[in-house]
Amino acid sequence: MALLFAFFAYIINNAVLNLQALGKTFSFDFLQEPASYDINQTLIEYTSRSSHARAMLVGILNTALVAFCGVILATVLGFILGVIRLSNNWLASRIVYVFIEFTRNVPVLLHILLIHGIMVHFLPLPKQAISVGDALFLSNRGVYAPRPEFLDGFGFTVAAFGIAVIAALVFRRWAKKVQEDTGKIYPVFLICTGVIIGLPLIVFLISGSPLVWEMPKMGRFNLQGGVMMLPEFLALWLALSFYTSAFIAEIVRSGIMAINKGQWEAAGALGIRRNRVLQLVIIPQALRVIIPPLASQYLNLTKNSSLAIAIGYMDIVATIGGITLMQTGKEMETMIIVLLIYLSFSLVISAFMNWYNKRIALVER
Amino acid sequence: MFKRASIVAAAAAVVGIATGAQAATLDDVKARGVLHCIVNTGLPGFSFTDANGNWAGFDADMCRSVAAAVLGDGDKVKFIPATGKTRFTLLNSKEGDVIFRNTTWTFVRDVDVKLTFIHPTYYDGQGFIIRKSKGVKSAKELDGATVCIQTGTTTELNLADFFRANNIKYTPVPIEDSSEARKNYLADRCDAYTTDASGLAATRATFEKPSDHVILPEIISKEPLGPVVRHGDNQWEDIVRWAVFALIQAEESGVTAANADEMAKNPPNPDVARLLGAEGDLGAMLGLDKAWALRAIKARGNFGEIFESNLGTKTPIGLERGLNALYTAGGLQYAPPFR
């Protein structure tokens, strides 16, 4: 204990003395100063006159965005790949096997550089952008899509959407109860999807379609208007998702294989179709094996997003831990902030996954 | 639990270690026998690795001159390549003794970041390069353009200010080092690339068809580039400063790498005699010997020679002396008197 304390005393004292020797102060006042640099992807209002604190927030949101999108895509992809890997179709299973082995045995940084390189070098310039149905434009400056512009009266559609979601949830609960009581199965998924899409659509048409699309148009240099996704964001998102999905696929596979073969046979003996067995019997049990390692994959993905630095995606490492550090010379302070931000990201993810793990845990009686 | 006495003992030991570690840079360099010099990771003309894998360029040669003055041999240099972001940390953590890496002298870096700037060895300004085919004649026509930029440098701030002042929009593409920036520019990831005008000329020289690219006329900033040392070591600061001045004075006095030895034996005037150590002992005041400046000049030549062999009009970089000519030729380079 004394040794540990001495160690901490040493490093803190050393840092303070070294800062003193350089004549530097330890203070976070710089966060209020104007940042004076521009950021190419901002989820909130930001100009070069905004403060360093705001630039930090932009970076945090950019990290959160790529981590969130990455977790979603990696999970969906990972589950699909994991299930296909176990399929009886030899070809499908082999293709997925090769994909997984390639993806997880190559460092994620190379995936990021590879996808970024392909986008920058092989996609055409904005003038010759590949157009997908005249709505999506692919170019080496980014992917452009039309931006929705909401007119008066769109509120009704939003309200209808809310009502539809609540109705679907109520119906789902009711259908589950009916199934438990009588064994009668409703096509819950189809009906819910129908209601959630259908009701807002009808309201939308009745209220006179209060929505227009702002199309990207060719300006002097780039496409202007619409929504744009930078190649840096896309490369990072896809690379992180593919890489992590390979690990998730293996976790899902091992989770499913951990379920006793007898479960399949018992369900089969009741005359339930294979897809339903997977959905109702196997996956719910497999989840208990899958969730804990899945949580650590989510943490890895979030932390790996700091590799954004290699291609210039403006995450927290690039804003507060990069440009702000450089322009203010506050190495110690900015690095402490970056460390704390990653720590909080990780703790939030862990807390959520632990909560979910408890929720689905086997209830022993 | 722990005992209070052991904490006090540990803390005392810590203070002892930390204060004992303070030593003068000159002593460190002499003891090590090698000068640790922080340079650019690769900027043709300034500091880059040539075809044989040796460091070359204007900044690299300046380093060798300082090494020759201090250690007697211009080859006793270890080059430490650094990006815009890592250079000051490398200096402050004592990984390097001096930065010779086209670094801009600014108020904040000097006063608040606590660096000591020696003297501008290259007076520069930030410009833009763009493909001729884009038909742009002025930087003010760049509204809506995508601009590649080295992140963590003053160029980033100047760029933001320039576009804001002219009320035009742009998309910055931040990139870590200059070779990466060159690749992205050539792949047309960005319409224009901005950095110091010397850097643009150096970069353009490496292109397959330099004439397809045009450097726009606007120079949007002042960029006095020069060596940097840690704050608070005045002796070391003086050594680097006067080594640089010795090169400038040598050019003014007509001392070259070829004639320096001869000049030292038969100095044409007292100024040259003091500079080359034939008269007085300026070297001792720096903690060096008499021939320090002579060796600095002999290593790679005087200021003009270093400029012409690395950046001058006869090189692929092809830069005019411009502001970097001696004051006697209408430039800004001026060494205080050696007396």
Exercise for the section: At 1.4 Å probe size, with every protein chain present, just tell me what the per residue accessible area of chain B comes to in Å². Expected result: 40
Practice task
Note down the net charge around A:Leu287, summing +1 for each Lys or Arg and -1 for each Asp or Glu among other residues with Cβ under 13 Å from its Cβ.
Solution key: +3
Exercise for the section: Over the alpha-carbon set of the range A:150-207, divide Rg by the Kirkwood Rh and report the Rg/Rh ratio to two decimals. Expected result: 1.14
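What whole-number value in cubic angstrom gives the convex hull volume per residue for the C-alpha atoms of chain B? Display every interim value, and only then the final one.
Working: hull volume 60.4 nm³, N = 339.
Per-residue hull volume (Cα only) is 178 Å³.
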Problem - Set of lysines near A:Lys24 by C-alpha distance (under 25 Å), chain-local residues within fewer than 8 positions excluded - result: A:Lys330, B:Lys85, B:Lys94, B:Lys114
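Note down the net charge around A:Thr244, summing +1 for each Lys or Arg and -1 for each Asp or Glu among other residues with Cβ under 14 Å from its Cβ.
Neighbourhood net charge equals +1.
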Completion exercise
Output row B,A: buried area (accessible, probe 1.4 Å, summed both chains) in Å², nearest hundred, equals 3900
Handout entry: 3J(HN,Hα) from dihedral phi, the range B:33-40, Karplus parametrisation 6.51/-1.76/1.60, rounded to Hz, x for glycine, proline
Key = x, 9, 8, 8, 10, 8, 10, 5
Exercise for the section: Specify, per residue and in Å³, the volume enclosed by the convex hull of the alpha carbon atoms belonging to the range B:263-339. Expected result: 112
Completion exercise
Listed residues A:Gly268, A:Gly142, A:Gly226; largest mean-square fluctuation, Gaussian network over chain A with Cα springs below 10 Å, found at A:Gly268
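Considering only protein heavy atoms and a probe of 1.4 Å, how much of the accessible area of the range A:143-243 is carbon and sulfur, as a whole percent?
Values: 4440 of 6200 Å².
Answer for the range A:143-243 is 72 percent, counting heavy atoms of protein chains only.
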Exercise for the section: With no solvent and one equal point scatterer placed on each C-alpha of the range B:116-231, evaluate the Debye formula and give log10 I(q)/I(0) for q = 0.09, 0.18, 0.24 Å⁻¹, two decimals. Expected result: -0.23, -0.90, -1.52
Fill in the blank from the handout: Here the whole-number average of other chain Cβ atoms within 10 Å per Cβ of A:326-339 is 3
Exercise for the section: Determine the share of chain B's accessible area contributed by carbon and sulfur atoms, expressed in whole percent, with a 1.4 angstrom probe. Expected result: 53
Completion exercise
With B:Ile168 itself left out, Lys, Arg at +1 and Asp, Glu at -1 over residues whose Cβ is under 10 Å from its Cβ give +1
Handout entry: Radius of gyration, Dmax [the range A:1-52; alpha carbons; angstrom]
Key = 18.2, 50
Problem - Heavy-atom SASA rank of A:Met56, B:Met285, A:Met335, A:Met353 (probe 1.4 Å, accessible area, largest first) - result: B:Met285, A:Met335, A:Met56, A:Met353
Problem - Drop in accessible area of at least 20 Å² in the complex versus isolated chain, residues of the range A:208-241, 1.4 Å probe - result: A:Arg220, A:Phe221, A:Asn222, A:Gln224, A:Glu232
Fill in the blank from the handout: Residues whose modelled amide H sits under 5 Å from the amide H of B:Leu35, counting only those 5 or more places away in sequence or on another chain, are B:Val77, B:Lys78
Exercise for the section: Name the residue, out of A:Ala239, A:Ala35, A:Ala175, whose mean-square fluctuation peaks in a Gaussian network model built on chain A with Cα pairs under 10 Å. Expected result: A:Ala175
Exercise for the section: Run down the aspartates and glutamates and flag those whose C-alpha is under 16 Å from the C-alpha of A:Lys303, throwing out any fewer than 8 positions away in its chain. Expected result: A:Asp315
Handout entry: Nearest-20 debye value, chain B charge dipole, Cβ charges on Lys, Arg, Asp, Glu
Key = 700
Problem - Mean projected area (nm²) of the alpha-carbon convex hull when the range A:1-138 is viewed from all directions - result: 16.9
Completion exercise
Per GNM of chain A with C-alpha springs under 10 angstrom, the most fluctuating residue out of A:Leu91, A:Leu114, A:Leu234 is A:Leu91
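Can you give the charge dipole size of the range B:69-202 about its Cα centre, rounded to the nearest 20 debye, using +1 on the beta carbon of Lys and Arg and -1 on the beta carbon of Asp and Glu?
In total the dipole reaches around 280 debye.
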Fill in the blank from the handout: By the C-alpha gyration tensor axes a ≥ b ≥ c (rounded if a/c is under 1.5, else prolate when a/b exceeds b/c, else oblate), the shape of the range A:205-352 is oblate
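Please report the relative contact order for chain A, taking Cα pairs under 8 Å with a sequence separation of at least 6, and give it as a percent rounded to a whole number.
On the way: 434 pairs, mean separation 85.3, N = 365.
23 percent.
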Fill in the blank from the handout: Dipole check, chain B, charges on Cβ (K,R +1; D,E -1), about Cα centroid: among B:Gln150, B:Ala69, B:Trp236 the Cα furthest to the positive pole belongs to B:Gln150
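For the range B:150-186, which trypsin sites (Lys or Arg not before Pro) are in a loop by DSSP, counting at most 14 other Cβ atoms within 10 Å? Don't jump to the answer; show the numbers that get you there.
Numbers: sites: B:Arg164, B:Lys169, B:Arg182, B:Lys183; in loops: B:Lys169.
Answer by residue number: B:Lys169.
How large is the Rg to Rh ratio of the range A:153-266 when both quantities use alpha carbon positions and Rh follows Kirkwood?
Details: Rg = 22.5 Å, Rh = 19.4 Å.
For the range A:153-266, the value is 1.16.
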Practice task
With everything on Cα atoms, drop me the angle between helix A:231-257 and the longest principal axis of chain A, reported from 0 to 90° to the nearest 10.
Solution key: 50
Problem - Cα principal axis extents for the range A:242-317, largest first, Å - result: 56, 19, 15
Handout entry: Inverse mean reciprocal Cα-Cα distance (Kirkwood Rh) of the protein assembly as shown, Å
Key = 30.0
Practice task
Could you pull out the longest piece of chain B with no exposed loop chymotrypsin sites (Phe, Trp or Tyr not before Pro) in it, calling a site exposed if DSSP puts it outside H, G, I, E, B and it has at most 16 other Cβ atoms within 10 Å?
Solution key: B:3-206
Handout entry: Percent breakdown of C-alpha pair distances by 10 Å bin, ordered from the shortest bin, for the range A:263-306
Key = 26, 31, 22, 15, 6, 0
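Please give me, ordered by residue number, the trypsin sites (Lys or Arg not before Pro) of the range A:29-132 that lie in loop per DSSP and have at most 15 other Cβ atoms within 10 Å.
Working: sites: A:Arg49, A:Arg54, A:Arg85, A:Arg94, A:Arg104, A:Lys127; in loops: A:Arg49.
Within the range A:29-132, the qualifying trypsin sites (Lys or Arg not before Pro) (loop, at most 15 other Cβ atoms within 10 Å) are A:Arg49.
For chain A, what ratio Rg/Rh do Cα atoms give with a Kirkwood hydrodynamic radius? Don't jump to the answer; show the numbers that get you there.
Working: Rg = 25.5 Å, Rh = 24.7 Å.
In chain A, Rg relative to Rh is 1.03.
Would you calculate, for the protein assembly as shown, the mean residue ellipticity at 222 nm contributed by helices, counting each DSSP H stretch of 4 or more residues as -39,500 (n - 2.57) and dividing by all residues, to the nearest 500?
Numbers: 26 runs with 362 residues, N = 704.
Rounded to the nearest 500, the figure is -16500 deg cm²/dmol.
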Handout entry: Exercise: per-residue mean of other protein chain Cβ atoms within 10 Å, B:170-180
Key = 5
Exercise for the section: May I ask for the angle, rounded to the nearest 10°, between helix A:154-182 and the longest principal axis of chain A, with both axes built from Cα atoms and the value confined to 0 to 90°? Expected result: 50
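Could you estimate the translational diffusion coefficient of the range A:107-160 from the Stokes-Einstein equation, with Rh from the Kirkwood formula over C-alpha pairs, at 37 °C and 0.692 mPa s, in whole µm²/s? Mind dumping the intermediate values first?
On the way: Rh = 13.8 Å.
The Stokes-Einstein estimate is 238 µm²/s.
The values are calculated or read from the model by the stated rules, or taken from the named source; none is laboratory data. Predicted model only: the values in this text are computed from it and were never measured. With ideal geometry, Cβ positions are generated from the backbone for all residues, glycine too; neighbour counts draw on all protein chains shown. Accessible surface is based on the protein model in full, side chains and every heavy atom, while ligands, DNA and RNA are left aside. Shrake-Rupley method; radii C 1.70, N 1.55, O 1.52, S 1.80 Å.
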